[in-house]
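Read through the structure below, which is laid out as C-alpha cells, and then see the notes.
The values are calculated or read from the model by the stated rules, or taken from the named source; none is laboratory data. Everything quoted here is computed from the prediction, not taken from an experiment. Every residue, glycine among them, receives a Cβ derived from its backbone with ideal geometry; neighbour counts consider all protein chains shown. Only protein heavy atoms, including side chains, enter the accessible area calculation; ligands, DNA and RNA are left aside. Shrake-Rupley method; radii C 1.70, N 1.55, O 1.52, S 1.80 Å.
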Amino acid sequence: MAGRGTKIVRLAAAGAAAGVLVAGITVPAVGGAGFGLVAAAGEVDLKPVDLVEPPPAEVTIVRDAKGREIARFYEEYREVVGFDAIAEVMKTAIVAIEDYRFYEHGAIDVEGTLRALATNLRAGKVAQGGSSITQQYVKQVLLNSAGTDAEREAALEASYTRKLNELRYAMGVEKKYTKDQILEKYLNIAYFGAGAYGVEAAAKRFFGVHAARLTLPQAATLAGAVQDPNATDPNLGREQRDRLLKRRNVVLDRMAELGKITRAAADRAKRTKLGYKGTKLPGGCEASKYPYFCLYVRQEILNNPDFGRTAKSRLATLNRGGLTIRTTLDPVKQAAAERAIRAYVHASDHAVAAEALVRPGTGAIEAMAASRPYGNRAARHEISYNVVADVAHGGGAGFQAGSTFKTFTLISALKQGMKVDDGFTVGAGYRAPTYATFKNCAGENIGDPSHTVTNDEGSPGWKTLRTGTWGSVNTFFMELERRVGLCETVTTAKSLGIRRADGRALQEYETFTLGINEMDPVTVATAYAAIAARGTYCAPMAITAITDRNGKTTRYRPKCRQALEPAVADATADVLSGVFTEGTMSGVGGIGRDAAGKTGTTDGYATAWFAGFTPDLAAAVSIGDPRGSQRHKLVGVTIGGRRYGIVAGASLPGPIWKATMIAALRNVPPSSFTPIDRARFGGCASHCRPAEDAEDAGPERESQAETPPDADGRPPEDGRPPEDGRPQGR
C-alpha cells in the first residue's frame, strides 16, 4: 500500500505543478493493478487546451405570418437560457450534489480526485466518480459534437487517456470562463431525462414551469436526475419515479448537510410528492396544428443547399440549429380552408379533399388544408404524407388534374393571336387523323388514331374560346391543342410552374389538355395565381425570414418572373370569369367579387378539381381516393354524409373553393381584374362563327357533367350550397 500512496501523492503533485486543483480522475482496473493513470499523471505535464465548443443542439421554432408558434423541430429538446433565468435554488442544488467545492477549486480538485481514486483502487474497479462540473461540461461538449459512433464511444470510454484529455480541456475552460458562466453552460447542456435537454426544457417537461420559477423540491429533483437520467426517467414508469424521488431526497439531505438549506426545509420538501407533470414536448409536424404546412416548411429546409451541403448537415441545421422560422401561413385563411373542407368532406371518408391558398404576385402559400389529419393512426383516419403538396415536400403521387389543364391550351391560343370569340365546329368525338397529328417537345409523333375522346354530355357544334371553356368541351380542346401545338401547350404550362407531383417528367400525350398528369394543389394554385398577377409567376414560397441562434436574420423575397404578357393573362381571366356566370360553376355561383376559375374532372370521375382566383388570392381544391383513384372512382360514393351519383369539379371542389374564398377574403377589400384588351382579343378574327351555326345553343355544362349532383345524381334544385358552407340536405 505504501507504493500506492506514493503514486497518489505524485498525482497531487502533478496537479499542483500545473497550477490547478485536480478534479476527480477515476480509472478502470487494468490487469490486477489498475494504476496506469496514476503513473502517467506523474509524468504528464498538464496544460490547458482550448475546447472547441459547438453550440448545443437547440429547438427550431416555426411561426406563422403573425408571429405565432405553429411547430417545433429538434433532435434534443433544449431551450438555452441565461444565468439569471435559472432559479438560485437550482444552482445551489446542482452544485451541492455534483461538485460542492465548485466555486473553490480550479479544473482539478485534489480532494475529490483522491477520494474517488482511493475508493476505486480499493474496489479494484471504477466504483466512484469524482468529475467536477467543469469536467462534466467538457464531456457533454465532446459527446454532443461527436459526429460518428466511434467519436461518441471515444467520448465515453473508461480510459486514463480520455480523463487526461478532459482535464486539459477543463483547464482551458476554467481559464476562459468565470464559474458562473461554466455553471450556466453546464445547466444548458445537461440531460435530465424524459427527453429534456437543459434546465429550461427539463423544468417545463417535469413541472410545467420556467427554470426561473423552480421551487426547492423541484430543483432538488432535477439536480438528482442528472446523475443517471435514464434510470430515473419519470416518463418510463413507477420504478423510475421511485428512484427519482429517492434521489431527490438525497439531494435535499446533502443541501442541509452543507448548510445551504435548513434541516426543517429539507424535511418539508421531502414530504412533498414528486409532482412530475410530463408536460408534452411540442415538436414535429404530427404535433403541429398545421401539419401539412409544417411538412412543407421542413422539406424547404432539407432540400435547400443554403442550409448545408449535405442532407445530413441540413437535417442537423433544422433539428439542432435553434432557428426561428417566420412563414407565410395566414391563420385566418387557414381556418377558412379548414372549415370549408370539414363542411363537405369527413375525415372518415375514403376520398380526401385537399386545398392550397396562394397569394398572387408573391407565391406565398397562405394555407394548406386537408380533410384528414396527418399521421399513421388508421383508427383516427390519418394520412401519412402531405396530400396538399408534391413529393419534394413530403407529398405523394398526386391526382390527375383533369380539365384545369385546359386553361394552358386557352392561354396558348391567346398567345398565338386568337380572339375570345374565335372558334370552330366540333363533333361528339375526337380522334387524331394520323399518328403525326400531335408532336411532343422532343419532336416525336404522339397522336393515336385508334383512341377517341368523347364529350359525355356535351353537344357538338360551333364552339369559341369562351363557350368551349365555359362548357369545358373535350373535343373542342383536343382540336384547339392540335391547332396551337401540343408542345406549345406543354411549354405554357411549364412556364407557370407546372410539374408532376411525383417529380417525374410531364406526360406529353395528346390528352395533355385534359389533365392526364398527376398534380398537387400547391402547384396548381401557384399556376393560377400567376394569371391573377397578370402573368407574373412566383415560385411557391413558405418561408419569409430565418433568425439564427445568434439573432442574425436572413429575409427571403419572392422569386418571380414574367411568364405571360399581362394582356394575355387579362384575357384569360376574362374568359375564366364566365365559368361562374355562364359555365360549369353557374350552378354554384360566384363569391360576390371578381373571380375566375376552371373546374376539372378526369375520365370516369376518378378525381375532381377546382382551381380559381381573384386578384388577391388563388386556390386549388382536389378530391380523390388515396387508395387508388382509378380503382376507387368518385361514382356512387358517400362523402360528408351525402350520397353522390358522381363527383365532378362543381360537385365538391367548387363549393369548397367558394366557401373558402368568401371566408378568407371577408375583411379584404375587393379588387377588380384588369379589363380585357378588346382591340386585341375581343370578337373574332378569321375563325368567326358561320351563318349556318347561328342557331347553335348557348354554353353547355362540362362534357363530363360538372354540375353538382344530388343523391340520385341529378343537379339540386338551385345548384347552390348554403352561404354558411354547409352541404345541402344537412
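Which is farthest toward the positive dipole end of segment 523-645 among Asn550, Thr572, Gly597, measuring Cα position about the Cα centre, with Cβ charges +1 (Lys, Arg) and -1 (Asp, Glu)?
After comparing all options, I get Asn550.
Nothing charged except the Cβ atoms of Lys and Arg (+1) and of Asp and Glu (-1): what's the magnitude of the dipole of segment 569-675 about its Cα centre? Round to the nearest 20 debye.
580
Dividing the convex hull volume of the alpha carbon atoms of segment 570-682 by its residue count, what do you get in Å³ per residue?
112
Once you charge only the Cβ atoms, +1 for Lys and Arg and -1 for Asp and Glu, what is the size of the charge dipole of segment 264-364 about its Cα centre, to the nearest 20 debye?
Computed about the Cα centre, the dipole is about 720 debye.
Relative to the present Cα-Cα distance, how much length would full extension add between Leu236 and Asp502 at 0.36 nm per residue of separation?
The span from Leu236 to Asp502 would gain 91.7 nm if fully extended.
Could you state the number of Å between the C-alpha centres of segment 237-293 and segment 166-187?
26
Rounded to the nearest 0.05, what FRET efficiency is calculated for Thr161 and Tyr100 with R0 set to 35 Å and r the Cβ-Cβ distance?
Here the calculated transfer efficiency is 0.80.
Of Thr513, Ala620, Cys538, which is farthest along the charge dipole of segment 509-628 in the positive direction, counting Lys and Arg as +1 and Asp and Glu as -1 at C-beta?
Positive-most Cα among the choices belongs to Cys538.
If packing is taken as the mean number of other Cβ atoms within 10 Å per residue, what is the order of 659-667, 568-576, highest first?
568-576, 659-667
Give the Rg (one decimal place) followed by the Dmax (whole number) of segment 550-597, computed from C-alpha coordinates and expressed in Å.
So, for segment 550-597, Rg and Dmax equal 17.9, 57 Å respectively.
I'd like to compare 650-657, 277-284: which one has the highest average count of other Cβ atoms within 10 Å, and what's the full order after that?
Answer by packing, highest mean first, reads 650-657, 277-284.
Using a 1.4 Å probe, what is the accessible area per residue for segment 327-388, in Å²?
Roughly 33 Å² per residue, with all protein chains present.
Could you state how much accessible area His346 has, in square angstrom rounded to the nearest 10, with a 1.4 Å probe and all protein chains kept in place?
60
Which three numbers, in whole Å and largest first, are the semi-axes of the equivalent ellipsoid of segment 379-460 derived from its Cα gyration tensor as √(5λ)?
33, 18, 17
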